[in-house]
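See below for the structure under consideration.
Derivation of every value follows stated rules applied to the coordinates shown; laboratory data play no part. Computed from a predicted model, the values in this text were never measured in an experiment. Cβ coordinates were reconstructed from backbone atoms using ideal geometry, including for glycine residues, and neighbour counts include every protein chain displayed.
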Amino acid sequence: MRIGTSKITADVDKACVESLGIPLMVLMENAALNVFKHLETNKFSSYVVICGTGNNGGDGLAVARHLYVSGKKVEVFVVTGSSGRSSECFKANYNILRNMGLAIIDITDYTALKKLKTSLSEAEVTVDAIFGTGLNKEVQGIYKEVIEVINQYSNFTVSVDIPSGMNGDDGNILGVAVMADKTICFEFYKRGFLNYGSKAFTGEILVESIGVPDNILEQFHNDEFIFEKSDLVRSIKPRKKYGHKGNYGRTLIIAGSEGFSGAAYLAAQAAVKTGSGLVTLCCSSAIQHILSSKLSEAMTSPYEDRTRLFELVNISNAVAIGPGLGNNEITLELLKLILENAKCTVIIDADGLNILSKNMRLLKVTKAPVILTPHPGEMARLTGLSVAEINSHRSDIAKNFALEHNITVLLKGYQTIITNGYKLYVNPTGNSAIAGGGMGDCLTGIIASLVSQGLTPLEAAACGAYIHGYTGDRLSNDMYSVNASEVLTKIPYVMKELISNEN
């Protein structure tokens, strides 16, 4: 599923018209039909369609026509701004409705606004087609009044392409926006929908094709996607019948200090459960005996033994460092040793990130591919930005940071961002039931294991986030809250379900 911006949408429409000769009215008709099929006409019988005078409004008028032809009660309102301008496609659909004898009420004053209130309260469904993705200024005047009335009086609202009043690129609300129950968008998942606050306005999001050929979409797309199950299946293959532990990689986890054995256990056990051939945990000698007794399938070694640690780094296919190490000089020494000597992919999390934020030069000296897995607070420390800035521009900040440092970034949170600076994935799995201690440690182990098994850093980070979140989703069907130990138990079953059954 591609993610798109307002400019990409405009460029695609232009290419369809100018390069392929597809009339814009054809694309509009396809859009209207896709909206119509999601309006639950088997369930509802009365609709209000509210349109602006641009192409989004033209979509709405075409939707109204299909509702009218199907025998539904339809009232159509058009919000006319002070400019009086309207698009050609809007005019064409407007005239078609007039010729069919369907009344259209122009909202230009408060008398019409009063009629709208009554119609909205009586109708079962409202279709919002006032503004599309091109809106870039604050909503004012009669438009603001109309949107406020929709939010107050509508029983169920469906927005066409984007809730009117939302910026399609960053999800910011331009003064006021329609609070939809369902949003049906075309070809692209809007980048603005990634904004943390957007869900309150979009409701359920459905992405539909309106007949744009793939070569046109690829020509203008910027390699940003919603990660899907099919992406995971392409990256992780079922195990071969004659495979052995040597085929599935050596994973080294450097984690844990006195008082923080849990983080080390979770990261190492997650690597075991995800399928690494051999897992070794390097931890503080003070807690090695504790973890040796808990980790039946993983080996342990004290990180104080630098000679052994150096040997393990050289034979490993992935190294993860950070969980439970502490924000101290020992962690700095360990991180420096790993980044200066590792040739395999290094995953840095937790205290490793806190140390790195004060020693960013270490990213310049390493020859190893690096994956960083920060939450917004850690990302703020790495970049020097505020958490609010991180949350407002997650995609751009993660992408630019990854590109600047030639690394892969997994920025945690609702709709986790995974990017190497060139390609970007958004993870759709996971929910607040898994918001608890140890979940990040578990994710680190999953990613490290996937790297060991041959996935690229970007693939491993994206697949790891998907598996981690999907496991939480499955468990939360029966559990109010899900802890990391429960996720560990479920990982192998989820991977079997996601991968083996698809091949």
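As a ratio to 2.2 N^0.38 Å, the alpha-carbon radius of gyration computed for the range 229-502 takes the value 0.92. Against the chain, whose longest principal axis is taken from its Cα atoms, helix 88-99 shows a tilt of about 50°. Taking amide H as placed 1.01 Å from N in the peptide plane, Cys282 has its amide H under 5 Å from the amide H of Ile253, Ile254, Ala255, Ser301, each at least 5 places away in sequence or on another chain.
Projected label points at Val17 and Asn172, each 7 Å from Cα along the beta carbon direction, are separated by 2.8 nanometres.
Angle of helix 55-69 to the longest C-alpha principal axis of the chain, folded into 0 to 90 degrees and rounded to 10: 70°. The GluC sites (Glu not before Pro) of the range 66-167 that meet both conditions, a loop assignment by DSSP and at most 14 other Cβ atoms within 10 Å of the site Cβ, are Glu138. Give the long-range amide H neighbours of Val370: residues separated by 5 or more places, or on another chain, with amide H under 5 Å away, using H modelled in the peptide plane at 1.01 Å from N. Under 5 Å from the amide H of Val370: Val346, Thr408. Ordering of 60-66, 385-391, 471-477 by packing is 60-66, 471-477, 385-391, highest average first (other Cβ atoms within 10 Å, averaged per residue).
Peptides 158-166, 191-199, 219-227 ordered by packing proxy, namely the average of other Cβ atoms within 10 Å per residue, highest first: 158-166, 191-199, 219-227. Between the range 76-140 and the range 363-403, the alpha-carbon centres lie 44 Å apart. Using the Cβ-Cβ distance between Leu385 and Arg361 with R0 set to 22 Å, the FRET efficiency works out to roughly 0.70. Three semi-axes describe the equivalent ellipsoid of the range 159-200; taken as square roots of 5 times the Cα gyration tensor eigenvalues and ordered largest first, they are 14, 12, 9 Å. Using alpha carbon centroids, what distance separates the range 290-336 and the range 9-23, in Å? What the calculation gives is 56 Å, centre to centre.
How large is the Kirkwood hydrodynamic radius of the range 24-178, counting all unique pairs of alpha carbons, in Å? Result for the range 24-178 stands at 15.2 Å. Amide H to amide H, with H built 1.01 Å from N, Gly4 comes under 5 Å of Tyr189, Lys190, Arg191, counting only residues 5 or more places away or on other chains.
Beta bridges from DSSP with both residues in the chain: antiparallel share about 15 percent, rounded to the nearest 5. Label separation (Thr108 vs Asn95): 2.0 nm, computed from points 7 Å beyond Cα along the C-beta direction. Each Cα pair under 8 Å and six or more residues apart adds its sequence gap; the mean of these over the residue count of the chain is a relative contact order of 12 percent.
Phi angles across the range 252-263 convert, under the Karplus curve 6.51 cos²θ - 1.76 cosθ + 1.60 with θ = phi - 60°, into 3J(HN,Hα) values of 10, 10, 10, 7, x, 9, 4, x, 9, 6, x, 4 Hz, Gly and Pro given as x.
3J(HN,Hα) along the range 211-218: x, 7, x, 4, 5, 6, 4, 5 Hz, from the Karplus curve 6.51 cos²θ - 1.76 cosθ + 1.60 with θ = phi - 60°, whole Hz, x for Gly and Pro. Taking Cα atoms only, the orientation of helix 110-122 departs from the longest principal axis of the chain by about 60 degrees.
Shape index of the range 292-405: Rg/Rh, with Rg the Cα radius of gyration and Rh the Kirkwood radius from the inverse mean 1/r over Cα pairs, equals 1.00. Inter-label distance, Asn327 to Arg239: 4.0 nm, where each label sits 7 Å from its Cα along the C-beta direction. Mean residue ellipticity at 222 nm, helices only, the chain: -13500 deg cm²/dmol; runs of at least 4 DSSP H residues each add -39,500 (n - 2.57), and the sum is divided by the number of residues.
On a per residue basis, the convex hull of the C-alpha atoms belonging to the range 118-182 measures out at 72 Å³. At q = 0.15, 0.16, 0.19 Å⁻¹, what is the base-10 log of I(q)/I(0) for the range 385-502 according to the Debye formula with one equal point scatterer per Cα and no solvent? Please give it to two decimals. These q points yield log10 I(q)/I(0) values of -0.68, -0.76, -1.03. Computed from backbone phi with θ = phi - 60° and the Karplus coefficients 6.51, -1.76 and 1.60, the 3J(HN,Hα) list for the range 296-309 is 5, 9, 10, 8, 10, 8, x, 6, 5, 7, 5, 5, 5, 4 Hz; x is used for glycine and proline.
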